[in-house]
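Student: First, the structure itself, so that you have it in front of you.
Throughout, read-outs are computed from the coordinates displayed, never taken from laboratory work. Worth saying up front: this structure is predicted, and the values here are computed from it rather than measured. Note that we place each Cβ from the backbone using ideal geometry, even for glycine, and neighbour counts take in every protein chain shown.
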Amino acid sequence: MTDEPNSPNGPDAQATAAEKGGPGKARTSILVLDDEAIVCKRLKPFFQKAGYEAEAYSNPAEALARVQQRRFDVVITDLKMEGLDGLAFLGKVKALYPDTDVIVITGFATLETSRESFRKGVFDFVAKPFKLAEILDVVRRVEKERGLTRE
């Protein structure tokens, strides 16, 4: 093994493989939107430590602006928020990127909101409070169904 920068086995090659989540595979990108800052503060580092590329926003307008700049593999959004609610955000994400999977998280789960979410193309609907492992399981199901599973 050599430490030359241009070597395929040098530090730059290792960093690139680690950044992508493995040789030749890009990391799954996740955007989290929840107006509760604590949810963002917990989910972003949790997903990053699990090997994902993660961004988190507590302001729906900022999250929407970011989604308009780039595509994410997975969007996790709260349902009830000031300004733009989760269903409207879901609709905008799906209009821009129909293949982006959206996971709705909410403390206000009702049969009606669940049905509306699925009608708008949500991948799954998770009630708060949830365990971090639960949300990770849903993201892994997205990866498996989309062929994004990392080695």
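Student: Quick one: if you stick a label point 7 Å off each Cα along the C-beta vector at residue 36 and residue 116, how many nm between them?
Tutor: Taking the simple label geometry, residue 36 and residue 116 are separated by 2.0 nm.
Student: Another one. Can you tell me which of 92-98, 74-80, 39-45 comes out highest on packing, and rank the rest after it, using the mean Cβ neighbours within 10 Å?
Tutor: Ranking, from highest mean packing down: 74-80, 39-45, 92-98.
Student: Please report the orientation-averaged projected area of region 28-146, defined via the convex hull of its C-alpha atoms, in nm².
Tutor: Computed as one quarter of the Cα hull surface, the answer is 6.4 nm².
Student: I need the calculated FRET efficiency for the pair residue 80 and residue 49, taking r as the beta carbon distance and R₀ as 30 Å, to the nearest 0.05.
Tutor: Efficiency, rounded to the nearest 0.05: 0.60.
Student: Which of the peptides 62-71, 28-37 is most tightly packed, and how do the rest follow, judged by the mean count of other Cβ atoms within 10 Å per residue?
Tutor: The densest-packed peptide leads the list: 28-37, 62-71.
Student: Any chance you could count the Lys pairs in region 28-146 whose alpha carbons are under 14 Å apart, treating pairs 8 or more apart or on different chains as valid?
Tutor: Taking the Cα cut-off of 14 Å, the pair count is 4.
Student: Chymotrypsin sites (Phe, Trp or Tyr not before Pro) within region 67-151: which are DSSP loop residues with at most 12 other Cβ atoms inside 10 Å?
Tutor: Sites meeting the loop and neighbour criteria: 108.
Student: Compute, for region 28-146, the length of the dipole vector about the Cα centre, with Cβ point charges of +1 (Lys, Arg) and -1 (Asp, Glu) only. Units Debye, rounded to 20.
Tutor: Computed about the Cα centre, the dipole is about 220 debye.
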